[in-house]
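These notes concern the structure reproduced below.
The values are calculated or read from the model by the stated rules, or taken from the named source; none is laboratory data. The structure displayed is predicted, hence computed values, not measured ones. Glycine also receives a Cβ, built like all others from the backbone with ideal geometry; neighbour counts cover every protein chain displayed. Remember, those area values only see protein heavy atoms, side chains included, never the ligands or the DNA or RNA. Shrake-Rupley method; radii C 1.70, N 1.55, O 1.52, S 1.80 Å.
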Amino acid sequence: MHFLKKKIYDKLNRAREEIETKSSELNDFVSVLEYRHLVRKGIEDNKEAEIWSDAFCAALQEHEIVYIPESDKPYYIDKSIIIPSNRRIEADKNTVVRQMSGVRVLMLRNENTMDGTKKPINGMNKDINISVSGGRWEESHCHRAGYGQSGMYDEERSYFGVSACMFFNNMKNLSLKNMTFAHTAGFAVQTGDIKNAVFENIEFEECYADGLHINGNTENITVRNIKGEVGDDLVALNMYDWQNSSVDFGAMRTVLCENLELSSSSGYKALRIEPGMYFFEDGSAVDCSANDIIIKGVRGINTFKMYFQTPQYRIGEQPEKGGVGSGDNIFFEDIEIDLNAPIDRFSEYLNSDPVKGSFAGFEIGANIENIYFENINIKLYKEKYPMSFLICAGPKSVRLGDMEVFDPYLSSTVGKIEMKNIRVNGAAKLNLTELVHEIKFCDINSDGKSTAEGKINMIIHAVTL
């Protein structure tokens, strides 16, 4: 094993041990059924429903461990459930907790959240030691609702960048395990500004945005055995993000994403890793970098996106302030990719534009020092898409009328790529020229702001026959 990977695993194992030890020290147990007197009656789908919001809130305020037993009816929720520090929620596998239709706020969040959009979160008054295990957690949606329509922090949307079923930030030691999410209209789970977290054995059924949406200023994150159907990224590691999708900005360090399986019915087969420069209200900046990350054992994902991207902007106008991010020691291994079409179905890619039309299994637009690829099996369809590759490095550009989707003015450099056992269409590949592409633009939008290039300084390639 590469010595850097061993350091990552060792650090994550220590973090997991700390989470499990702290959670096991909790012992004040109660069943939520003891709070049945707080259940209210309501109407859902023209039928009488039991609303357990007040019962859940009271149980969590008064006890460390709250048990939610299986029931023949869902536990309906009509407001956000606030979880204090040192709490564990245990639900049976077939327990259903369902948000009532028309509810636009979060289902669960920790108590001492903070908004880091305008200035860095100071790390004071963090929550600690929160675990949720088991249960089926449902919203009542049949499509993606859109920002500001579901998963809001509160009715005033006072945290503009929160859009999720569950939200956790400004905390240490979080565990979400053995859970199913269904019909979530925003991100199923959104988190950031967090140290030590485990997301394990989680399944998504008919979810319409990201599954796990992990934002910046995070450290020691284990994501393992994640599968199912989502409308966007199965897992998003967005240390930088748009303001409608994050309240946590900063570096991400020491992450394992292992055994990820996106269902074939999912509409967008991507996993995003997004470093970038973020600027706070006072003009100060933070490099939302990606460091010491292992992505291993992935099926169903066709494109791994590693580039900064602003919201689309009108040609001739200034894009949102930001910049290319950085990273180091990113490992991809045991990954199968069927690149049968571009992930973004714009004409530039579909028609193999010789300048703009390159797409790849791994698209890099960040200043990465070292990146490693091992045991990668990719199917390319060069006859149909001659501009398809294993790896592309550099800027992207797509014009929609007078709007630019990407950021063709941003150059980036990869210091070193190491590759081992790369197979293309079932065969070990000896010639790298067809696998890797450096993108170069020269004022492609004729606006004086669309010249950039991607560089790879060194490639080391070992072949296993």
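Placing R0 at 35 angstrom, the Cβ-Cβ distance between Gln312 and His2 gives a FRET efficiency of 0.35 after rounding to 0.05. Run the accessible area of the stretch 172-215 with a 1.4 Å probe and give the carbon-and-sulfur part as a rounded percent. Answer for the stretch 172-215: carbon and sulfur cover 34 percent of the accessible area.
With contacts taken as Cα pairs under 8 Å and at least 6 residues apart, the stretch 218-375 reaches a relative contact order of 22 percent. Each Cα pair under 8 Å and six or more residues apart adds its separation to the average, and for the stretch 55-126 the resulting relative contact order is 32 percent. For the stretch 1-103, GluC sites (Glu not before Pro) meeting the loop criterion (DSSP other than H, G, I, E, B) and having at most 15 other Cβ atoms within 10 Å: Glu25, Glu70. Roughly how far apart, in whole Å, are the Cα centres of the stretch 175-223 and the stretch 124-173? Distance between centres, Cα-based: 10 Å.
The share of C-alpha pairs in the stretch 81-178 whose separation exceeds 20 Å stands at 43 percent. Per the 1.4 Å probe, what fraction of the accessible area of the stretch 259-354, in percent, lies on carbon and sulfur atoms? Ligands and nucleic acids excluded, carbon and sulfur reach 42 percent.
For the stretch 101-138, the set of trypsin sites (Lys or Arg not before Pro) satisfying both a DSSP loop assignment and a count of at most 12 other C-beta atoms within 10 Å is given as Lys118. Taking N as the residue count of the stretch 217-264, its C-alpha radius of gyration divided by 2.2 N^0.38 Å amounts to 1.27. The relative contact order of the stretch 315-465, computed from alpha carbon pairs under 8 Å that lie at least 6 residues apart in sequence, is 25 percent. Per residue, how large is the accessible surface of the chain? Use a 1.4 angstrom probe and give square angstrom. Per residue, the chain has an accessible area of 39 Å². Here the stretch 1-159 has 49 percent of its accessible surface on carbon and sulfur atoms, given a 1.4 Å probe and all protein chains in place. Taking amide H atoms as placed 1.01 Å from N in the peptide plane, the amide H of Lys455 lies under 5 Å from those of Ser412, Thr413, Val414, each 5 or more residues away in sequence or on another chain. Between Lys455 and Asp72, full extension at 0.36 nm per residue minus the direct alpha carbon distance yields a gain of 132.0 nm. For trypsin sites (Lys or Arg not before Pro), the sites in the stretch 369-444 that DSSP calls loop and that have at most 16 other Cβ atoms within 10 Å are Lys382, Lys384. Over the chain, DSSP H runs of length four or greater, each weighted -39,500 (n - 2.57), average out per residue to a 222 nm ellipticity of -2500 deg cm²/dmol.
Note on the chain: antiparallel DSSP beta bridges, both residues inside, total approximately 15 percent of the bridges counted.
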